[in-house]
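*Asks:* Okay, here's the structure, questions in a sec.
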Amino acid sequence: MTSNIIAMWSGPRNVSTALMRSFENRSDCFVSDEPFYSYFLYKTGLKHPLSDKIIKSGLIDYNKIIKYITGHTPFSKNIWYQKHMAHHILEGVNMDWIKNMANCLLIRHPSDVILSYSKKNEIDNIQQLGYLQQIKIYKMLTEETGVSPIIIDAQDLLKEPRKMLIEICKNLKIKFNDKMLSWPPGGRKTDGIWGKHWYKQVEVSTGFKPYLKTDRTIPLRYQNLNNECMKYYDFLHQNRIILSN
């Protein structure tokens, strides 16, 4: 790993908080939970659950956020795991700073994302789901650095947590730790205040929940959105980490 900073770029409802828990349970790792969320809501004016409190709770200056998350790892930990929502990065901003990080894309089948996210928040357009932004990050890194980001499919992770975590660590050039497989229930000081709305399932969890296959039947109003997302998901899925037999 060229950096001790791991930038995990996810869309919403991608098992991203569980993966953050997994890394946080390592004694050598500090985690940051969506450092761009306050900035994103402040700049867009979008109304999310707890919007006003979220804006007040974090940094809203893009450059100040970058200065912080590219600086020294807090508490002198060896690894800094940063959980990022890809759609929190707005069009036209400078992204050169990510070239000095170990970048990963956490993806999930669009039907599963839409079915989960629509229970918590209204979906108006593809921009909310992160696929477009993940594609941009993939292309930028591949074309400008020659190093493609590591791609992890949430379904693979839930089906084979131990094997996938070993593979993820191998790709990141860090040692796998058994502590990544389970964690104590409850909230964390490192959780964003939005956890009150979004993290109820994670707060009662003690590990990755088993993968549950759904029939992926999408409400008619989301069918076109699902089809659009599938184009981007298929590309990323084809380039994901695949477990060797």
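*Asks:* Relative to the Cα centre, what is the charge dipole magnitude of region 86-197, using +1 at the beta carbon of each Lys and Arg, -1 at the beta carbon of each Asp and Glu, and rounding to the nearest 20 debye?
*Replies:* Dipole magnitude for region 86-197 comes out near 560 debye.
*Asks:* Also: Can you order the peptides 95-102, 68-75, 107-114 by their average number of other Cβ atoms within 10 Å per residue, highest first?
*Replies:* Descending packing order for the listed peptides: 107-114, 95-102, 68-75.
*Asks:* With Rg and the Kirkwood Rh both taken from Cα atoms, where does Rg over Rh land for region 19-127?
*Replies:* Dividing the radius of gyration by the Kirkwood radius yields 0.96.
*Asks:* Now a separate question. Loop-only check: which chymotrypsin sites (Phe, Trp or Tyr not before Pro) in region 123-225 are DSSP coil with at most 13 other Cβ within 10 angstrom?
*Replies:* Loop-located and lightly packed - none at all.
*Asks:* About its Cα centre, how strong a charge dipole does region 1-111 have in debye, to the nearest 20, once Lys and Arg get +1 and Asp and Glu get -1 at the Cβ?
*Replies:* That gives region 1-111 a dipole magnitude of about 160 debye.
*Asks:* Give, as a single signed number, the net charge of other residues whose beta carbon lies under 13 Å from the beta carbon of LYS136, with Lys and Arg counted +1 and Asp and Glu -1.
*Replies:* That sum, taken over residues with Cβ under 13 Å, equals -2.
*Asks:* Which of the pairs LYS99/LYS139; LYS56/LYS189; LYS99/LYS163 have their Cα atoms more than 21 Å apart in this structure?
*Replies:* Those over the limit are LYS99/LYS163.
*Asks:* Restricting attention to region 118-168, which GluC sites (Glu not before Pro) occupy a DSSP loop and are surrounded by at most 11 other Cβ atoms within 10 Å?
*Replies:* GLU122
*Asks:* How about region 135-228: which trypsin sites (Lys or Arg not before Pro) there are in a DSSP loop, with at most 11 other Cβ atoms within 10 Å of their Cβ?
*Replies:* LYS173, LYS175, LYS189, LYS213
*Asks:* Oh, and also: With point charges of +1 on the Cβ of Lys and Arg and -1 on the Cβ of Asp and Glu, referenced to the Cα centre of the chain, which listed residue (PRO184, LEU236, TYR37) lies farthest in the positive direction of the dipole?
*Replies:* Result: PRO184.
*Asks:* May I ask you to compute the full-extension gain from PHE75 to ARG216, defined as 0.36 nm times their residue separation minus their alpha-carbon distance, rounded to one decimal in nm?
*Replies:* The span from PHE75 to ARG216 would gain 46.5 nm if fully extended.
*Asks:* Within straight cross-link reach of LYS119, meaning Cα distance under 17 Å, which lysines are found once same-chain residues fewer than 8 apart are removed?
*Replies:* Excluding near neighbours in sequence, the set is LYS47, LYS196, LYS200.
*Asks:* Another question, if that's okay. With a 10 Å radius around each residue's Cβ, average the other Cβ atoms per peptide and rank 10-19, 147-156, highest first.
*Replies:* Final packing ranking: 10-19, 147-156.
*Asks:* Magnitude of the Cβ-charge dipole of region 5-238, K/R +1 and D/E -1, about the Cα centre, nearest 20 debye?
*Replies:* Charge dipole, region 5-238, about its Cα centre: 580 debye, nearest 20.
Every number here is computed from the coordinates shown, using simple stated rules; none is lab data. Quantities reported herein were computed from a predicted structural model and do not represent experimental measurements. Using ideal geometry, Cβ is built from the backbone for each residue, glycine included, and neighbour counts are taken over all protein chains shown.
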